[in-house]
Amino acid sequence: MDQIAWLEQSAFATWLRESSWALFALLILHTLTMGAIVGLALASCARLFGLASTVSLPAFGRLTPILGWALLAAAVSGLLLVAAYPAKALTNPLFYVKLAMATSAAAIAWNLQRRVFTADVASAPSWAPKLAALGAGLWIATLAAGKFLAYTHKMLLVG
Amino acid sequence: MSADSVAAFGHATGIYAFMNTAFGWPTVEVIHFVALSVLLGSVGLFDLRALGLARTVSMRALHGLVPFGVGAFVLSALSGLLFFVSAPDQYMFNPAFRLKLACMGIAGANVAVFYTAFPRRVGEAGTDEDAPLPVKVIAAISLLSWVGVIAFGRLITMFRPPYHWCFVCG
């Protein structure tokens with residue numbers, strides 16, 4: 001708890017909270033990138049279930065690198081948001097559930113990209129749609145956990 | 001339409017009571033945001049392709065995702081109405097909400113122009129083809145409008161209490 005209090009009272013965390021723009025800029029970036037991630041995960045899932053099947057898998061794979069950039073931006077903005085209010089996030093078990101789900105979903109997305117979209121295969125393996133559905137479900141659950149964090153936190157060192 | 005009449009509607013229909021249960025508001029937030037994500041993953045991808053990303057994908061094929069975007073828009077509008085009806089004064093006088101509505105209006109007009117002025121150009125950009133310049137302009141406006149809708153939506157909480165920020169309320 002001492003480390004959390006130290007981080008929360010650090011000059012950087014205080015600036016993040018008190019700046020007229022930093023926190024909202026981070027919130028907007030995190031929201032847009034999470035939206036892009038969930039949207040792309042659902043689009044990949046739709047393609048693997050046969051929608052827009054005239055788009056070849058390697059061609060569709062050209063669209064998915066956006067996912068990599070969105071993941072990076074979501075992770076960085078998410079870390080900075082935690083740095084602004086560390087006690088709020090780090091003392092809430094739901095935050096760790098969100099982190100576990102996001103990590104699993106990112107691993108699934110990386111696997112699909114490597115073994116399906118850039119593997120130069122004519123058709124998707126039978127396991128691919130199921131894995132994509134699991135990945136999309138995990139991303140939606142991650143997003144839901146993020147929304148519920150605002151309603152379930154128990155500790156806020158600063159108001 | 002006054003804030004009081006909208007609030008009365010919310011109370012009479014039970015929307016206010018539902019939204020103020022323990023999980024009402026966050027659950028509708030999740031539905032609202034998943035719907036906006038589907039919009040980004042369908043209309044947003046189509047716009048990015050029109051702007052030149054992944055030219056190996058034909059626009060005609062990608063257009064198959066757009067009906068999902070239309071359905072997602074309906075879902076996000078309906079879920080958004082639940083917020084509005086439950087706390088109308090927090091939205092009506094809020095500059096971020098007004099800008100969000102303006103972006104939605106621009107996006108809507110943009111879609112109307114796209115389908116009325118360029119009905120046959122949707123499929124013109126096949127594999128490895130560039131979209132025509134007017135379609136690129138429309139795609140850029142579309143992408144910026146939807147990003148604006150999401151960004152201003154996120155800023156709604158910044159302008160609270162909204163009366164303080166309303167410069168046209170008198």
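The values are calculated or read from the model by the stated rules, or taken from the named source; none is laboratory data. Fair warning: this is a prediction, and the values are worked out from it, not measured in the lab. Ideal geometry is used to build each Cβ from the backbone, glycine not excepted, and the neighbour counts take in all protein chains shown.
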**OP:** Looking only at the stretch B:9-24, decide whether some residue is within 12 Å of chain A (Cβ to nearest Cβ), closer than 24 Å to A:T31 by Cβ and surrounded by 16 or more Cβ atoms within 10 Å (Cβ to Cβ).
**Re:** yes
**OP:** Just one of (1) more than 7 Å from chain B (Cβ to nearest Cβ); (2) within 14 Å of the chain's Cα centre (by Cα); (3) over 21 Å from A:R114 (Cα atoms) trips up A:G35, so point out which.
**Re:** (1)
**OP:** With the condition kept exactly as written, say whether any residue in the stretch B:40-51 is surrounded by fewer than 22 Cβ atoms within 10 Å (Cβ to Cβ), among the hydrophobic types (A, V, I, L, M, F, W, C) and without any contact (Cβ under 8 Å) to a residue 24 or more places away in the chain.
**Re:** no
Original post:
(1) modelled with pLDDT of 95 or more; (2) crowded, with 20+ Cβ neighbours inside 10 Å: which one isn't true of B:I106, the others all being true?
Top reply: (2)
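Which is modelled with pLDDT of 95 or more, β-branched (V, I, T) and either in contact with a helix residue (DSSP H, G or I) (Cβ under 6 Å, 6 or more places away or on another chain) or in a helix (DSSP H, G or I) (or both), of B:V122, B:V113, B:V34?
Details: B:V122 fails: modelled with pLDDT of 95 or more; B:V113 fails: modelled with pLDDT of 95 or more.
Sole residue among the options that is modelled with pLDDT of 95 or more, β-branched (V, I, T) and either in contact with a helix residue (DSSP H, G or I) (Cβ under 6 Å, 6 or more places away or on another chain) or in a helix (DSSP H, G or I) (or both): B:V34.
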Subject >> Among residues of the stretch B:37-65, those that are part of a helix (DSSP H, G or I) and at pLDDT 90 or above, counted >> reply: 14
Subject >> Selection count, the stretch A:38-57, where residues are surrounded by fewer than 23 Cβ atoms within 10 Å (Cβ to Cβ) and either farther than 14 Å from A:P129 by Cβ or facing another protein chain (nearest Cβ under 9 Å) (or both) >> reply: 6
**OP:** Being in a helix (DSSP H, G or I) and buried (at least 17 other Cβ atoms within 10 Å of the Cβ) is the filter here, so list the residues in the stretch A:91-119 that pass it.
**Re:** A:F95, A:K98, A:M101, A:A102, A:A105, A:A106, A:I108, A:A109, A:L112, A:Q113, A:V116, A:F117
Original post:
Would you pick out the residues in the stretch B:127-170 that are within 20 Å of B:L53 (Cβ to Cβ) and in a loop (DSSP other than H, G, I, E, B)?
Top reply: B:T127, B:D128, B:E129, B:D130, B:A131, B:P132
Original post:
On the given criteria, is A:S77 of a type outside the set (K, R), over 15 Å from A:A105 (Cα atoms) and outside any helix (DSSP H, G or I)?
Top reply: no
**OP:** Run A:L7 past the list (1) touching a residue at least 12 places away in the same chain (Cβ under 8 Å); (2) within 17 Å of A:A145 (Cα to Cα) and report the number of the one that doesn't hold.
**Re:** (2)
Original post:
Of everything in the stretch A:121-156 that's of a type in the set (F, W, Y) and surrounded by 14 or more Cβ atoms within 10 Å (Cβ to Cβ), which residue is farthest from the other protein chains (Cβ to nearest Cβ)?
Top reply: A:W139
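So, of the residues in the stretch B:53-86 that are more than 14 Å from chain A (Cβ to nearest Cβ) and touching a residue at least 40 places away in the same chain (Cβ under 8 Å), which turns out to be nearest to B:L40 (Cα to Cα)?
To start, the set of residues in the stretch B:53-86 that are more than 14 Å from chain A (Cβ to nearest Cβ) comprises B:70, B:74, B:77-78, B:80-82, B:84-86.
Those left that are additionally touching a residue at least 40 places away in the same chain (Cβ under 8 Å): B:80, B:82, B:84-86.
On the way: B:G80: 17, B:L82: 22, B:F84: 23, B:V85: 26, B:S86: 26 Å.
That would be B:G80.
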Subject >> Those residues of the stretch A:124-145 which are assigned to a helix (DSSP H, G or I), in contact (Cβ under 8 Å) with a residue 60 or more places away in the chain and not β-branched (V, I, T), in sequence order >> reply: A:A128, A:P129, A:A132, A:A133, A:G135, A:A136, A:W139, A:L143
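Would you mind stating whether B:P88 is more than 15 Å from B:R154 (Cβ to Cβ), in contact with a helix residue (DSSP H, G or I) (Cβ under 6 Å, 6 or more places away or on another chain) and not hydrophobic (A, V, I, L, M, F, W, C)? Steps first, please.
On the way: more than 15 Å from B:R154 (Cβ to Cβ): yes; in contact with a helix residue (DSSP H, G or I) (Cβ under 6 Å, 6 or more places away or on another chain): yes; not hydrophobic (A, V, I, L, M, F, W, C): yes.
It is true that B:P88 is more than 15 Å from B:R154 (Cβ to Cβ), in contact with a helix residue (DSSP H, G or I) (Cβ under 6 Å, 6 or more places away or on another chain) and not hydrophobic (A, V, I, L, M, F, W, C).
Please verify whether A:W6 is surrounded by fewer than 20 Cβ atoms within 10 Å (Cβ to Cβ), under 12 Å from the mean Cα position of the chain (by Cα) and more than 10 Å from chain B (Cβ to nearest Cβ), treating the condition exactly as stated. Before you say what the answer is, go through the steps one by one.
Working: surrounded by fewer than 20 Cβ atoms within 10 Å (Cβ to Cβ): yes; under 12 Å from the mean Cα position of the chain (by Cα): no; more than 10 Å from chain B (Cβ to nearest Cβ): yes.
Spelling it out, it is not the case that A:W6 is surrounded by fewer than 20 Cβ atoms within 10 Å (Cβ to Cβ), under 12 Å from the mean Cα position of the chain (by Cα) and more than 10 Å from chain B (Cβ to nearest Cβ).
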Original post:
Failed condition for A:F60, given (1) within 7 Å of chain B (Cβ to nearest Cβ); (2) surrounded by fewer than 21 Cβ atoms within 10 Å (Cβ to Cβ); (3) within 20 Å of A:W127 (Cα to Cα), with all others met?
Top reply: (2)
